[in-house]
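Worksheet for the structure shown next.
The values are calculated or read from the model by the stated rules, or taken from the named source; none is laboratory data. Here the structure is a predicted model, which means the values were calculated and not measured. Cβ sites come from the backbone with ideal geometry, for glycine too, and all protein chains shown count toward neighbours. Please note that ligands, DNA and RNA were not included when accessible areas were found on the heavy atoms of the full protein model with its side chains. Shrake-Rupley method; radii C 1.70, N 1.55, O 1.52, S 1.80 Å.
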Amino acid sequence: MDFKEVYKKERVTRKFTNRKVNEKLLEKIIKQAQLSPSLLNSQPWRAYVVTGDALAKLKADSKAKIKAGDKPDEDFASMLSLDWDTFPSQNMATMGASQAYFFRNKLNLFVDSNNDMFNAPAIVFLTIPKKSPAWSVFDLGIFAQSIMLLAIDNGLAIMPAHSLVSFPDLVRQHAQIPETEMVGMAIGLGYPDRSAEVNDPKFFPDRVPFEKIYKLIK
């Protein structure tokens with residue numbers, strides 16, 4: 001697929017179909033993503049792909065925690081500050097992922113899709129060692145972006161989501177992740193449900209005006 005086409009398709013899918021993703025394809029994508037650069041070639045990442053019965057059990061346990069009112073307890077919250085500067089705070093308030101649904105009185109679509117883990121047939125959980133510098137978080141982001149672009153190039157849809165790692169202890173249990181690793185982020189992979197209202201392009205959030213983020217110095 002032409003790179004411009006791949007990049008233009010990098011939009012999240014908030015509901016997938018039940019169609020399974022071929023395990024060999026998942027393996028191919030992660031293997032190719034290993035070419036991602038990292039600080040001093042440290043390659044701090046690990047990828048745990050959860051599908052089938054293991055994923056079904058994780059989804060059920062996660063939904064039970066949500067219904068019980070348990071609060072998220074992300075691993076990265078212990079490593080990184082969750083205080084936001086004014087610039088990103090304003091962006092989230094005006095064009096955050098949920099705002100397009102809120103302004104159309106459709107916030108329930110957004111919430112339900114998150115709680116259902118987007119009906120993803122495969123989720124890639126990405127980790128770094130608990131003993132890691134902040135640079136490893138940056139490296140993990142590069143690795144994640146590589147996975148998403150490769151997935152799109154191979155005909156899959158993507159859903160990187162904060163909500164997928166809300167309960168890291170559950171993820172560790174079902175994905176067989178050692179206690180020595182932080183569950184940093186996760187990406188749902190599969191095929192988009194084109195009939196689902198939650199996937200309507202009208203809900204795609206805007207981007208900050210280019211002149212606000214770009215400066216050329218000569």
Discussion item. I need the helices (runs of 4 or more DSSP H) fully contained in region 1-87, keeping only those with at least 2 residues that are of a type in the set (Phe, Trp, Tyr).
Written reply: 3-8
Worksheet item: Take the residues of region 92-115 that are within 30 Å of Leu25 (Cβ to Cβ) and outside any loop (DSSP other than H, G, I, E, B): which is most open to solvent (accessible area, probe 1.4 Å)?
Response: Asp112
Discussion item. Could you go through region 142-157 and let me know if any residue there is at pLDDT below 95 and not hydrophobic (A, V, I, L, M, F, W, C).
Written reply: no
Fill in: Hits in region 41-79 - residues which are in contact (Cβ under 8 Å) with a residue 24 or more places away in the chain and among the basic types (Lys, Arg)
Arg46, Lys57, Lys59, Lys63, Lys65
Fill in: Single match in Ile123, Ile177, Ile128 (criterion: closer than 23 Å to Asn18 by Cα, in contact with a strand residue (DSSP E or B) (Cβ under 7 Å, 6 or more places away or on another chain) and touching a residue at least 40 places away in the same chain (Cβ under 8 Å))
Ile123
Worksheet item: Which residues, taken from region 121-135, are open to solvent by less than 20 Å² (accessible area, probe 1.4 Å) and either over 21 Å from Ile30 (Cα atoms) or aliphatic (A, V, I, L, M) (or both)?
Response: Ala122, Ile123, Val124, Leu126, Ile128
Worksheet entry | Looking only at region 73-93, and only at residues there that are hydroxyl-bearing (Ser, Thr, Tyr) and either in contact with a strand residue (DSSP E or B) (Cβ under 9 Å, 6 or more places away or on another chain) or modelled with pLDDT of 85 or more (or both), the one that is nearest to Pro205 (Cα to Cα) | Ser89
Practice prompt. May I ask you to list the residues in region 10-51 that are crowded, with 17+ Cβ neighbours inside 10 Å and under 13 Å from Leu150 (Cα atoms)?
Written response: Leu26, Ile29, Ile30, Ala33, Ser36
Item to complete: Working carefully through the options Phe138, Phe118, find the one that is under 30 Å from Ser36 (Cβ atoms), modelled with pLDDT of 95 or more and open to solvent by 70 Å² or more (accessible area, probe 1.4 Å).
Response: Phe138
Worksheet, complete the sentence: Ala196 passes all but one of the listed conditions (1) out of contact with any Leu (no Cβ under 8 Å at 6 or more places or on another chain); (2) closer than 29 Å to Lys65 by Cβ; (3) crowded, with 18+ Cβ neighbours inside 10 Å; (4) among the hydrophobic types (A, V, I, L, M, F, W, C); the exception is number (3)
Discussion item. Checking the structure you have, find out if any residue of region 200-218 is at pLDDT below 95, open to solvent by less than 100 Å² (accessible area, probe 1.4 Å) and either touching a Lys or Arg at 6+ places or on another chain (Cβ under 7 Å) or of a type in the set (Phe, Trp, Tyr) (or both).
Written reply: yes
Discussion item. Can you pull out every residue in region 138-170 that is of a type in the set (A, V, I, L, M, F, W, C), part of a helix (DSSP H, G or I) and in contact with a Leu (Cβ under 7 Å, 6 or more places away or on another chain)?
Written reply: Leu140, Phe143, Ala144, Ala151, Leu170
Discussion item. Anything in region 61-86 that is loosely packed, with under 11 Cβ neighbours inside 10 Å and either closer than 22 Å to Phe16 by Cα or not small (Gly, Ala, Ser) (or both)? List them, or say none.
Written reply: Lys67, Lys71, Leu82, Asp83, Asp85, Thr86
